[in-house]
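These notes concern the structure reproduced below.
The values are calculated or read from the model by the stated rules, or taken from the named source; none is laboratory data. Everything numeric here is computed off the predicted structure, so don't read it as measured data. Ideal geometry is used to build each Cβ from the backbone, glycine not excepted, and the neighbour counts take in all protein chains shown. Accessible surface areas use protein heavy atoms only, side chains included; no ligands, DNA or RNA. Shrake-Rupley method; radii C 1.70, N 1.55, O 1.52, S 1.80 Å.
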Amino acid sequence: MKKIIVAGAGGFIAGHLVKELLKKGNIVRAVDIKPLNEWYQVFPEAENLVLDLRLRENCYKAVNGYNEVFNLAADMGGMGFIENNKAACMISVLINTHLLIASKDCGINRLFYASSACVYNGEKQTDPNNPGLKESDAYPALAEDGYGWEKLFSERMCRHFMEDFGLTSRIARFHNVYGPFGTYDGGREKAPAAICRKVIEASVTGKKEIVIWGDGHQTRSFMYIDDCIKGIQDIMYSNIEEPINLGSSEMVSINQLVDIVEEIAGYKLERKYDLDAPKGVRGRNSENSLIRHYLGWEPSIPLKTGMKKTYDWIKEQMLQDSESKKEISRFNK
Ligand code: NAD
């Protein structure tokens with residue numbers, strides 16, 4: 001039985017990770033800056049702490065007496081958020097710096113750091129027919145401004161804490177993760193959840209149009225949360241000392257993603273393209289030779305399967321939300 005800290009546990013991916021680590025019988029300390037009632041998932045069996053991990057003293061409180069750290073805490077969101085909040089994204093460097101220092105000082109055995117495909121050189125992502133980004137494509141460095149540079153810097157800090165202080169770290173570069181218990185509105189949501197929400201809204205209200213950011217030809221790959229949670233643990237307990245891709249290689253255009261959601265909903269919409277909206281790079285995919293080499297595995301849950309589960313969960317949330325709004329307005333009358 002290990003004593004494990006999960007940072008960012010009130011968020012999407014780390015919430016699922018806490019669930020899995022508890023299921024395996026570990027002792028888990030879950031930490032997030034958000035008040036507990038805003039966490040996507042809360043598990044009473046875990047020790048749940050509300051702490052701002054940008055502060056060094058809070059990082060000591062978080063790691064003290066524990067053995068391992070999974071660091072998934074970051075001020076982040078989809079393209080709409082990271083393009084308009086570059087400074088906020090870069091301030092996550094305080095979380096990563098102070099967690100590394102506290103982990104070194106408190107004798108943490110192993111630390112996982114959640115990096116991102118946003119570290120990759122933008123010039124290698126100008127073609128929608130992206131052949132897949134291999135790990136070496138992060139250099140020469142030309143990361144996504146703000147968020148991507150911070151991730152690349154923090155990856156490098158992990159490496160030097162390992163080299164200079166012997167703090168074992170493992171780093172995965174996530175490519176778009178999606179699934180239930182994630183953000184689907186409010187400005188931080190990513191494309192899969194945003195498209196589900198828009199199609200659900202339209203199908204419920206009878207609206208005939210959907211607004212798509214960009215021209216719809218930009219490409220991405222999307223990894224279902226179950227693959228992500230397996231990959232995080234397999235990488236954490238592997239001997240992989242370099243940052244490694246953790247993503248699906250099933251690349252689709254945004255138009256194809258909308259096709260999938262429309263098929264799930266059984267509802268077709270007329271597409272309007274907002275060419276001024278944040279749209280990110282032109283083409284991005286995960287090249288998975290390295291993870292196949294090390295783990296004999298790669299994320300493989302088909303997009304259609306994962307999107308169906310995600311769509312159903314978001315629809316349920318939206319219906320519950322509209323029911324409770326109706327309740328409140330009935331109560332206020
Ligand atoms: P999320 O926003 O749902 O979760 C991040 C959590 O970190 C949030 O709950 C937030 O409150 C918490 N946090 C922010 N600042 C904090 C602070 N100062 N102290 C403590 N907690 C703080 O995001 P997610 O999608 O679950 O992402 C988890 C990690 O994976 C992040 O590091 C993110 O950059 C990385 N990542 C995610 C994706 C993706 O597609 N979701 C892709 C690439 C990388």
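Numbers at a glance
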quantity	calculated
Single condition VAL93 does not satisfy, out of (1) crowded, with 24+ Cβ neighbours inside 10 Å; (2) within 15 Å of the ligand (Cβ to nearest atom); (3) of a type in the set (Val, Ile, Thr)	(1)
In the range 288-333, the residues that are modelled with pLDDT under 95 and not in a helix (DSSP H, G or I)	LYS333
Residues of the range 68-110 classified as assigned to a helix (DSSP H, G or I), touching a residue at least 60 places away in the same chain (Cβ under 8 Å) and over 14 Å from the mean Cα position of the chain (by Cα), total	14
Unmet criterion (only one of (1) open to solvent by 10 Å² or more (accessible area, probe 1.4 Å); (2) assigned to a strand (DSSP E or B)) for GLN233	(2)
In the range 39-64, the residues that are within 8 Å of the ligand (Cβ to nearest atom) and of a type outside the set (A, V, I, L, M)	TRP39, TYR40, ASP52, ARG54, ASN58
Within the range 70-80, considering residues that are more than 15 Å from SER154 (Cα to Cα) and more than 9 Å from the ligand (Cβ to nearest atom), the one surrounded by the fewest Cβ atoms within 10 Å (Cβ to Cβ)	GLY80
Every pair of residues 6+ apart whose Cβ atoms lie under 6 Å, when the first sits in the range 180-203 and is in a helix (DSSP H, G or I) while the second is near the ligand (Cβ under 10 Å from one of its atoms)	PRO192/TYR178; PRO192/PHE222; ALA193/GLY182
Among the candidates SER169, SER221, residue that is buried (at least 19 other Cβ atoms within 10 Å of the Cβ), farther than 21 Å from GLY77 by Cα, among the hydroxyl-bearing types (Ser, Thr, Tyr) and within 15 Å of the ligand (Cβ to nearest atom)	SER169
Residue ID - surrounded by the most Cβ atoms within 10 Å (Cβ to Cβ), chosen from residues in the range 1-47 that are among the β-branched types (Val, Ile, Thr) and in a helix (DSSP H, G or I)	VAL18
